[in-house]
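Report on the structure given below.
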Amino acid sequence: MRTKMRIMGFNAEAVKPLNEEAAAELGAELLGEAIIFVAACSCLMLEYWRHQSQHRKEREQHASWGALQDEVGHLALTLEALQAQVQATPSQSALEELRAQLQEVRAQLCIRGPPPAPKAAPGSEE
């Protein structure tokens, strides 16, 4: 009873002693309330911890999502640059056409004969 009165803010010295049965009942009630209070505080702390954990995971997911979006953007720019390079290089058919023209020029040069050898300049020894 003294403990209960102290908790409630009353002067504990003015309380007269209780009989054994009433004291046991009040003690059991106080113990039960303490157990319920501790259980409730534990539940609140666990819920707070769970909420913080969930919030941290969400932040990590958002950061990961942002990094993935940045990577996709970077890959898109790289793809555009590579497509521009491919379009700038001559196609395979253009290369084949140039090879055919080169062979025609070589054939024409062979028909005309080899070009004359350069003449040595006067005064040079060979």
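Only the coordinates and a few stated rules stand behind these numbers; no lab work does. Here the structure is a predicted model, which means the values were calculated and not measured. Virtual Cβ from ideal backbone geometry, glycine too; neighbours counted across all protein chains shown.
Tabulated values for the structure
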{"item": "Gain on full stretching of the segment that runs from Arg6 to Ala100 - 0.36 nm per residue minus C-alpha separation", "result": "23.0 nm"}
{"item": "R0 of 35 Å, Cβ-Cβ distance His62-Ile35: FRET efficiency to nearest 0.05", "result": "0.30"}
{"item": "Rg(Cα)/(2.2 N^0.38 Å) for region 1-107, N = residue count", "result": "3.16"}
{"item": "Residue-by-residue Karplus 3J(HN,Hα) for region 48-55, coefficients 6.51, -1.76, 1.60, Hz, glycine and proline x", "result": "4, 4, 4, 5, 5, 5, 5, 5"}
